[in-house]
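First up is the structure itself, then whatever we jot down about it.
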Amino acid sequence: MLVEKNVPLQPFNTFGIAAKAHALVRLRSQEDVRAWVEQSGEGGQLVLGGGSNIVLTGDVKVPVLKVEIMGRSLVRETPKAWIVEAGAGENWHDFVAWTLQQGYPGLENMALIPGTVGASPVQNIGAYGVELQDRFDSLDAVDLRNGAEFRLDAAQCGFGYRDSVFKHAAAESAGAASQGLGLAGRALIVRVRFSLPKEWKPVLGYADLEKKRAESGLAEPTAQQIFDWVCAVRRAKLPDPRLIGNVGSFFKNPTVSAEQCEDIIARDPKIVHYRMDDGSVKLAAGWLIDACGWKGKSIGNAAVYERQALVLVNRGSSSANAADCATGGEVMTLAKAIQTSVYERFGILLEPEPVVV
Ligand code: EPU
């Protein structure tokens, strides 16, 4: 276990926000985690994966735990699936690429999502018609209060749209889609296992992917082809966090009742919406923000991305000059101004996707 003091966190958050950790603890093994729990008090901590879903609004006074537990392997085979395991510190996209190289398809629609394997269940990452919960087997975590290791299956993780037990505190768990188990700040994920289908079928429902398939003329694309298309679509639409700081979608796509949606459609017939199986309707938050004229607008160095209004960016994240860099305060001021204008026009309160610290 390596403990560093007064560490700049800019390289460890994809928004590229400058803030410091009073202490950064690198956890490279389960033994490191156990040793940390033994020596730490009750003061709390911040668990950091790839830093791709966090907005830092100031220096972090509690210890920052950087999970660097590695490893990936096939752990089991069933007649229907390959069960593949990865350490929480593995880079998500590299892991997806590796599974395909090994001949285990199923994660290709989630290619190029920034972050680590350990962070992937926290917000039940998803893209182009596949969510983590569709391919999830189980995970191992450590209870940060007593060092005990435990295993959770999908039901115990309480997955929802960009949601899980790991995003809810114990006190609010009754309302979570969980089984009364709020684990925010209490559990550290060390390993995740995925169930990758042997009878694989491509998921091509999304317009962007269907368009790629039509252009290619391929009736039955391989998982690797879909992986390549997803990478191409994301590169065209979403900013590369290594060049322009961002955390992907800044808000969740809101869900409204069918009646609410009819009201909005009557006023804005072009609104992008998707009818869900339970009768509710999901609206495209990017469209709502775009309709309010936010694309390309900025507050300080925080801006709304020109090509996708749902993505907020740090315009100065690659600059050597600290003054060009957005602060967490600027990002949140911009986010609040967007929330207000979408609320005033559509009566919908957008909910931020990343964790604000
Ligand atoms: N749209 C606009 N203007 C914009 C942005 C979007 O009109 O500025 C419209 C698009 O034309 C499209 C619709 O809104 O008709 C939806 O846009 P898009 O296909 O880009 O997807 P999204 O709903 O904005 C979601 C996820 C992404 C994921 C994509 C593809 C959320 C919050 N975001 O975005 O996930 O990659 O679908 O599945 O659910 C992330 O969570 O960080 C993320 C990037």
- Message: Can you go through PHE346, PHE251 and tell me which one is of a type in the set (Phe, Trp, Tyr) and within 22 Å of TYR206 (Cβ to Cβ)?
- Response: PHE251
- Yes or no: LEU334 in contact (Cβ under 8 Å) with a residue 12 or more places away in the chain, aliphatic (A, V, I, L, M) and in a loop (DSSP other than H, G, I, E, B)? no
- Query: When only residues in the range 315-341 that are within 15 Å of the ligand (Cβ to nearest atom) and touching a Pro at 6+ places or on another chain (Cβ under 9 Å) count, which is nearest to ARG242 (Cα to Cα)?
  - Reply: ALA335
- Message: Considering only the range 303-318, I want to know if a residue exists there that is in contact with a strand residue (DSSP E or B) (Cβ under 7 Å, 6 or more places away or on another chain) and free of Cβ contacts under 8 Å to residues at least 40 places away in the same chain.
- Response: yes
- Item | Residues that are part of a strand (DSSP E or B), surrounded by fewer than 13 Cβ atoms within 10 Å (Cβ to Cβ) and of a type in the set (D, E, K, R), drawn from the range 252-289 | ARG275
- Scanning the range 306-345 residue by residue, the ones that are surrounded by 21 or more Cβ atoms within 10 Å (Cβ to Cβ), at pLDDT 95 or above and of a type in the set (Ser, Thr, Tyr) total 0
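The values are calculated or read from the model by the stated rules, or taken from the named source; none is laboratory data. Please read these numbers as outputs of a predicted model, since none were measured by experiment. Positions of Cβ are backbone-derived with ideal geometry, glycine not excepted, and every protein chain shown enters the neighbour counts.
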